[in-house]
Amino acid sequence: MRLRRTIYWANGLNLDALKQAIDSNVDAICMDLEDGILNNLKEKCRAATVEVLKNWDFRGKERLVRINKFGTEFIEADLEAILPCKPDALRIPKAENVEDLLALDRRLTAFEEENGMEKNSIEMVLMIETALGMIRCYELASCCERITAVGIGMEDFTTSMGLKRYYELNSTDLLYARQKMVMDCRAAGVQALDSGTLFKGNVEYMREDSLNDKRHGFNGRSVGDLCQVDVINEVFTPSEKDVDWATRVIAAYQQGLETGNNDVYVDGCFVDPPVVDKAQAILKDMAVIEARLRK
């Protein structure tokens, strides 16, 4: 799994912001061709995006491209232009139909074969942005191995639900939908990503909101302001305390196996296989983050 604590929205029409993103600590950069770009600027943005993908060094950051949604007049031009650039992933907006995803999967497989690439080299990151997409989330997320993450697009989703989006910490608004998406992602074996916000700044809000995301099972989130990146990365990085606990749990359990002692406790709590699994997941996440930092 790729490291996706933070995915920054960028586009080919603002190269200064893109340069700043490449120089930042963001994990991934998503070049937008869809809702962030006016229809009369899409062709210009697409051409600029191609130049960036072909010629710019992203310094190890994942390169995603959000194409336009299925059924629009823009998606074919997007794919024709973007695929030769071999992006790391395509971000699929308003995912609703398995058939659309499987057709795109077949097209990507054919492209990879024609270009000597390993299968599934180009991943798909879905965006759930409608009530129908949310109902079908597990089916969509699990329909092919190329899909490695699913995110919620909160502006479109709240519009689909006929609701206003509120930025209130610890709100229970849409709690069922958010938890359903996380559970569906876990069942499908893919990452769950939360939405970004339309406002800039307010780093403390982002810290608290991201902590809430982490407790609910999200792996990361989109971000539209680089000043929010470091605090979000911090939240989705295991703390020193977490790593210490995980290391002691694994060591204690291993010692129990070697000595035949079934009563293993760490910090006063019983250690059984699910606890060990949690500890191993923490250390695995930390290893991925440390590998990213070395690049």
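Computed on region 126-238, with alpha-carbon pairs under 8 angstrom and 6+ residues apart, the relative contact order is 26 percent. Neighbours of Leu140 by Cβ distance under 14 Å: Lys/Arg scored +1, Asp/Glu scored -1, total -2. Taking Arg106, Arg146, Arg66 as the candidate residues, the one with maximal mean-square fluctuation in a Gaussian network model of the chain, Cα springs under 10 Å, is Arg106.
Close amide-amide hydrogen proximity is noted between Gln191 and Ala149, Val150, each under 5 Å apart and 5 or more residues distant or on a separate chain (H modeled in the peptide plane; Pro and chain starts excluded).
Taking Cα atoms only, the orientation of helix 273-294 departs from the longest principal axis of the chain by about 50 degrees.
Against the criterion of solvent-accessible heavy-atom surface with a 1.4 angstrom probe, Arg292, Arg91 sort, most first, into Arg292, Arg91.
For region 216-270, the dipole from Cβ point charges (+1 on Lys and Arg, -1 on Asp and Glu) about the Cα centre works out to 140 debye, to the nearest 20. For region 1-45, the solvent-accessible area of protein heavy atoms averages 46 Å² per residue (probe radius 1.4 Å; ligands and nucleic acids excluded). Computed from backbone phi, the HN-Hα couplings of region 130-137 come to 9, 4, 5, x, 5, 4, 9, 3 Hz, rounded to whole numbers (Karplus: 6.51 cos²θ - 1.76 cosθ + 1.60, θ = phi - 60°; Gly and Pro given as x).
By DSSP, the beta bridges lying fully in the chain are antiparallel in about 5 percent of cases. Here region 257-295 and region 102-125 have alpha carbon centers that stand 35 Å from each other. Normalised by the number of residues in the chain, the average gap of Cα pairs under 8 Å and 6 or more apart makes the relative contact order 16 percent. The peptide list 35-42, 152-159, 98-105, put in order of mean Cβ contacts within 10 Å with the highest first, becomes 152-159, 98-105, 35-42.
Dipole of the chain computed with +1 at Lys/Arg Cβ and -1 at Asp/Glu Cβ about the Cα centre; of Leu293, Thr49, Pro87, farthest Cα towards the positive end is Thr49. The order of Met161, Met206, Met286, Met1 by accessible area, most exposed first and with a 1.4 Å probe, is Met1, Met161, Met286, Met206. Pairs exceeding a 31 Å alpha-carbon distance, out of Lys54/Lys278; Lys69/Lys241; Lys42/Lys164: Lys54/Lys278; Lys69/Lys241. Across all C-alpha atoms in the chain, the radius of gyration and Dmax reach 20.2, 70 Å. For the chain, with all protein chains in place and a probe radius of 1.4 Å, 50% of the accessible heavy-atom surface sits on carbon or sulfur. Toward the positive end of the charge dipole of the chain, with +1 on the Cβ of Lys and Arg and -1 on the Cβ of Asp and Glu, the farthest Cα among Leu174, Ile282, Ala10 is that of Ala10. Loop-resident chymotrypsin sites (Phe, Trp or Tyr not before Pro) (DSSP state other than H, G, I, E or B) in region 194-260 with no more than 14 further Cβ atoms inside 10 Å of their Cβ: Phe199. Each Lys and Arg Cβ is given +1 and each Asp and Glu Cβ -1; about its Cα centre, the chain then shows a dipole of about 260 debye. Between the alpha-carbon centres of region 176-238 and region 1-66 there is a gap of 19 Å.
In the context of the full set of protein chains, residues of region 99-256 present 48 Å² of accessible surface per residue (probe radius 1.4 Å, heavy atoms only). Compactness ratio for region 136-295: Cα radius of gyration over 2.2 N^0.38 Å (N = residue count) comes to 1.22.
A 1.4 Å probe over all protein chains sorts Glu168, Glu96, Glu123, Glu118 by accessible area into Glu118, Glu168, Glu96, Glu123, starting with the largest. Decide, for region 179-254, between rounded, prolate and oblate: order the square roots of the alpha carbon gyration tensor eigenvalues as a ≥ b ≥ c, take rounded if a/c falls under 1.5, and otherwise choose prolate if a/b is larger than b/c, else oblate. Since a/c reaches 1.5 but b/c is at least a/b, the shape of region 179-254 is classed as oblate.
The values are calculated or read from the model by the stated rules, or taken from the named source; none is laboratory data. Small disclaimer: the values here were computed from a predicted structure and weren't measured. Reconstructed Cβ throughout: ideal geometry from the backbone, glycine too, with neighbour counts over all protein chains shown. These area figures cover heavy atoms from the full protein model, side chains too; ligands, DNA and RNA do not enter into them. Shrake-Rupley method; radii C 1.70, N 1.55, O 1.52, S 1.80 Å.
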